[in-house]
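Data block below; observations after.
The values are calculated or read from the model by the stated rules, or taken from the named source; none is laboratory data. The shown structure was predicted, so the numbers you read here are calculated from the model rather than taken from an experiment. Reconstructed Cβ throughout: ideal geometry from the backbone, glycine too, with neighbour counts over all protein chains shown.
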Amino acid sequence: MISYRHHVVSLVAVFLALAVGVALGGGPLGELGRDDAPTSASARVDQQQARRTVDFGEQFAAAAAPTLYADRLHDHPVAILTLPGARRAVVSALSAQVEQAGGTVTGTFQAERSLVAASEKSLVDTLGSQLMTQLGHGTVPADSSTYDRIGRLVGLALSGSQVSDDQADSLRQSLAGADLVTSPDTASRAPLVLVVLGRDGVDPAILSGLFSGIDAVASGVVVAGLTDSGAAGDLRALRAEPVADHVATVDGAESAVGQVTTVLALARSLKVPGGSFGASGSDGAVPLG
């Protein structure tokens, strides 16, 4: 017999799926702004209805969020890593949603362009080798590739418990000194890492290596992307990489629906790695399990 809880969860999934589909271009709003879109009175009514549907989806997500979260991030700190071009408003909104779920954002770390620029691979490789040697044997596998290695080092600075506080501070200073990752003045390490993609496209091989490295030392990693510009392409490419089996991905992070979905994915990552969610997610619109 289907329980009341499962019935409610199913209804919520349907509502959010519909809201995501419309809000992100899967419904009538997909026609807005096109030169060949009809301009009749009937079309304008359809467009107004579409806007109301989008507003409903956003309001529904915001109102339902606390119930869906059920305080599942209580006592679970989260570190945020932003890639070049990430929108500040999106990062702030995601931080607020983490707090609504009972979590704490320990700090927002900023990946600089040098970290993900193919032209700076030599710098990344050299610094990664130096830092690996300084940490000592076994902390980072000697046979790690350039971006997997730097990803592990970034992960240790943000999240990993495999190094001491002094070592983590030293890593942060070295990464900042090389203009690879800027750290907040004070931030404790967090087991969960939320990565917010930027608007500039990045080589998927670089992202795959970087996120694989972070995932190797963190308890859970979720990557959130936008539905426009470079971030959308980055997310699509990332989902085709093997790392997607271990790192969760969510699209539509600029919307309230996408932000709630991102935090639900964070909560899920405490027990289940990976997953592809959002309007284009292969595992469904929202991780409600």
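Is it the case, given these coordinates, that Ala216 is in the same structural domain as Val202 (by TED's automatic domain parsing) and either at pLDDT below 95 or touching a Pro at 6+ places or on another chain (Cβ under 6 Å) (or both)?
no
Only one of these is among the hydrophobic types (A, V, I, L, M, F, W, C), modelled with pLDDT under 95 and over 12 Å from the mean Cα position of the chain (by Cα): Val257, Val243. Name it.
On the way: Val243 fails: modelled with pLDDT under 95.
Checking each option against the conditions leaves just Val257.
State all residues of the stretch 243-284 that are in contact with a helix residue (DSSP H, G or I) (Cβ under 9 Å, 6 or more places away or on another chain), surrounded by fewer than 24 Cβ atoms within 10 Å (Cβ to Cβ) and part of a loop (DSSP other than H, G, I, E, B); if no residue qualifies, say none.
Correct list: His246, Glu254, Pro273, Gly274, Gly275, Ala279, Ser280, Gly281, Ser282, Gly284.
Please verify whether the stretch 180-203 includes one or more residues that are of a type outside the set (Gly, Ala, Ser), in contact (Cβ under 8 Å) with a residue 24 or more places away in the chain and at positive phi. Before the answer, list the steps.
If we filter the stretch 180-203 for residues that are of a type outside the set (Gly, Ala, Ser), which is where we start, we get 180-182, 184-186, 189, 191-197, 199-200, 202-203.
With in contact (Cβ under 8 Å) with a residue 24 or more places away in the chain added as a condition, the list becomes 180-182, 184, 186, 189, 191-197, 199-200, 202-203.
Right, trim to at positive phi and you get none.
No, the conditions are met nowhere in the stretch 180-203.
Would you be able to say whether some residue in the stretch 245-265 is more than 22 Å from Val90 (Cα to Cα), without any contact (Cβ under 8 Å) to a residue 60 or more places away in the chain and not hydroxyl-bearing (Ser, Thr, Tyr)? Full working, then the answer.
Step one: filter the stretch 245-265 for residues more than 22 Å from Val90 (Cα to Cα), giving 245-246.
From the residues that got through so far, the ones that are without any contact (Cβ under 8 Å) to a residue 60 or more places away in the chain too are 245-246.
Keeping just the survivors that are not hydroxyl-bearing (Ser, Thr, Tyr) gives 245-246.
Checked the stretch 245-265: at least one residue is more than 22 Å from Val90 (Cα to Cα), without any contact (Cβ under 8 Å) to a residue 60 or more places away in the chain and not hydroxyl-bearing (Ser, Thr, Tyr).
Here are some conditions: (1) of a type outside the set (Val, Ile, Thr); (2) outside any helix (DSSP H, G or I); (3) closer than 25 Å to Arg72 by Cα; (4) over 14 Å from the mean Cα position of the chain (by Cα). Ala216 meets all but one. Which one does it not meet?
Tallying (1) of a type outside the set (Val, Ile, Thr); (2) outside any helix (DSSP H, G or I); (3) closer than 25 Å to Arg72 by Cα; (4) over 14 Å from the mean Cα position of the chain (by Cα), Ala216 fails exactly one: (2).
Identify, from the list Leu207, Leu194, Leu238, Leu226, the residue that is touching an Asp or Glu at 6+ places or on another chain (Cβ under 7 Å) and within 16 Å of Gly278 (Cβ to Cβ). I'd like the intermediate steps shown before the answer.
Working: Leu207 fails: within 16 Å of Gly278 (Cβ to Cβ); Leu194 fails: touching an Asp or Glu at 6+ places or on another chain (Cβ under 7 Å); Leu238 fails: touching an Asp or Glu at 6+ places or on another chain (Cβ under 7 Å).
That would be Leu226, the only listed residue that is touching an Asp or Glu at 6+ places or on another chain (Cβ under 7 Å) and within 16 Å of Gly278 (Cβ to Cβ).
Tell me the residue from Leu158, Leu135 that is in contact (Cβ under 8 Å) with a residue 24 or more places away in the chain and touching a helix residue (DSSP H, G or I) at 6+ places or on another chain (Cβ under 7 Å), please.
Numbers: Leu158 fails: touching a helix residue (DSSP H, G or I) at 6+ places or on another chain (Cβ under 7 Å).
None of the others qualify; the one that does is Leu135.
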